[in-house]
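The values are calculated or read from the model by the stated rules, or taken from the named source; none is laboratory data. Not measured: the values here are computed from a predicted model. Here the Cβ is made from the backbone with ideal geometry for all residues, glycine too, and neighbour counts use every protein chain on show.
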Amino acid sequence: MKSYFEGKIKIYLIGAVLLAVAAAFFLLSRPAKVDYIDAKAKDYARTLLSTGRVALEETAEIRAKVSGTLTEIKKSEGERISSGEVLAVLDSSERQLELAKAQSDLALARAGYENLINSDYPLAAKDYEKASLEYSAAYDAHERVKSLYEMGGISKQELDNSKSRLDILAAELEKARIRIGALSDGGSLRKEKLSQVQRSTSDIAQLRRQIEDYTLATPIEGTIIDAQAENGEFAQAGQLLFTVGNTQSNYVSIRIDEQDLGLLKVGQEAVISPKAYPEKRINGRLEYISPSVESETGTVEIRIKPLEEDETLIRDLTVDADIKIGEYKAVIALPSEYVISDGGRSYAFVYRSGKAIKTEIQMSKDSSQGEFIVEKGIAQGDKVLIPKGLRDGQRVSLGRQVD
């Protein structure tokens, strides 16, 4: 009885092993499912890949115009500012004292000038009028004395006394005339007083202009892209303290090989991709081609203008730029992951009659999308397999179609 059961168990075990082997054989012999793409002809952009840096069309360097200690820093790096906005202030206390003295001098000069106009001149005019009347009366009296002397009516001494009085009044009249002339418009005393006012006014204007130099303001609207000023620091005249740039007026500066010059023309479309953010695609346009070649490097500067604002395009950022220089018409393009290299040649796996066939292809790379333009080896409608883990002639079945 025992032998009978042992025999049964052996039969069951052998059957289970055979089933497992059969199942494994079935599973292993099943063709692998492989994702694929349909090869389709389409129009495709032809581009020139280049690398450059972001530059700004409008920048301003704010330097200290005079030497002095920085007493106030109003703005810092990265801040957005308006044209004319104050960034920092230098100590101008000495110039302020000079200005206060000049203002005091101006007040005294104006007081002196106004006193001349309102007091000295009117008094001098009265003195002149009085002297003129007295001289006129003395002259008439002297003429009568002369007539009496000629008729023998008075003595020589009386004539001389009359003449002396007339001479004194004549001198006083001349003195009054000279003074009124000096105090009149255009006279020497009025000119002197007016000159003192003008000189003090000029000194004040000059000092105010000098004091303005102690205030550092930006001449343009933009962003502070560099700030070197520190509160309490002594700045020398000419020292660079701030750099301001209009980040909305940026462009990409590129130097291309002169051999590529014939491929380019102003107005061509471009796609900008920052090295730091390779997933970004920013539309641009070629707006400038230098009219000269740099002899040492054999390169030509071109500029690409972004057509949309992007905060990542900061000054000196390295970027790639794909410039559209033409178009491929009705060609097949393969993503780079579907292409393999072997012995210096390029291949793709094509699905044919249930097998993965390693097919040699001829191609060129289109840099704008990272895809390969197939010139020979793949036909429209071919199903191109993802090559990972495949071998030539391997049995496969079609898996998911990739868009």
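Details
- Every listed requirement among (1) within 46 Å of the chain's Cα centre (by Cα); (2) exposed (fewer than 12 other Cβ atoms within 10 Å of the Cβ) is met by G186 save one, (1).
- Any chance T312 is of a type in the set (S, T, N, Q), surrounded by fewer than 19 Cβ atoms within 10 Å (Cβ to Cβ) and either assigned to a strand (DSSP E or B) or out of contact with any Gly (no Cβ under 7 Å at 6 or more places or on another chain) (or both): yes
- Taking (1) loosely packed, with under 13 Cβ neighbours inside 10 Å; (2) touching a residue at least 12 places away in the same chain (Cβ under 8 Å); (3) not small (G, A, S); (4) not in a strand (DSSP E or B) in turn, E61 satisfies each apart from (4).
Condition check ((1) at pLDDT 95 or above; (2) in a loop (DSSP other than H, G, I, E, B); (3) over 30 Å from T69 (Cα atoms)) across all residues:
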residue: L207; (1), (2), (3): yes, no, no
residue: N231; (1), (2), (3): no, yes, no
residue: S253; (1), (2), (3): yes, no, yes
residue: E301; (1), (2), (3): yes, no, yes
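- Checked against the criterion of being out of contact with any strand residue (DSSP E or B) (no Cβ under 7 Å at 6 or more places or on another chain) and either farther than 30 Å from G377 by Cβ or not hydroxyl-bearing (S, T, Y) (or both), the candidates S76, S82 yield just one match: S82.
- Applying the criterion of being among the small types (G, A, S) and either assigned to a strand (DSSP E or B) or buried (at least 19 other Cβ atoms within 10 Å of the Cβ) (or both) to the residues of the range 27-58, the residue that is nearest to the chain's Cα centre (by Cα) is A55.
- From L99, L87, L106, residue being part of a helix (DSSP H, G or I), modelled with pLDDT of 95 or more, buried (at least 17 other Cβ atoms within 10 Å of the Cβ) and within 41 Å of the chain's Cα centre (by Cα): L99
- For the residues I323, I361, I272, the requirement of being touching a helix residue (DSSP H, G or I) at 6+ places or on another chain (Cβ under 9 Å) and in a strand (DSSP E or B) singles out I323.
- Flag if T359 is polar (S, T, N, Q) and in the same structural domain as V396 (by TED's automatic domain parsing): yes
- Filter result (part of a helix (DSSP H, G or I) and either of a type in the set (F, W, Y) or over 20 Å from L133 (Cα atoms) (or both)) within the range 147-175: S147, L148, Y149, E150, K156, Q157, E158, L159, D160
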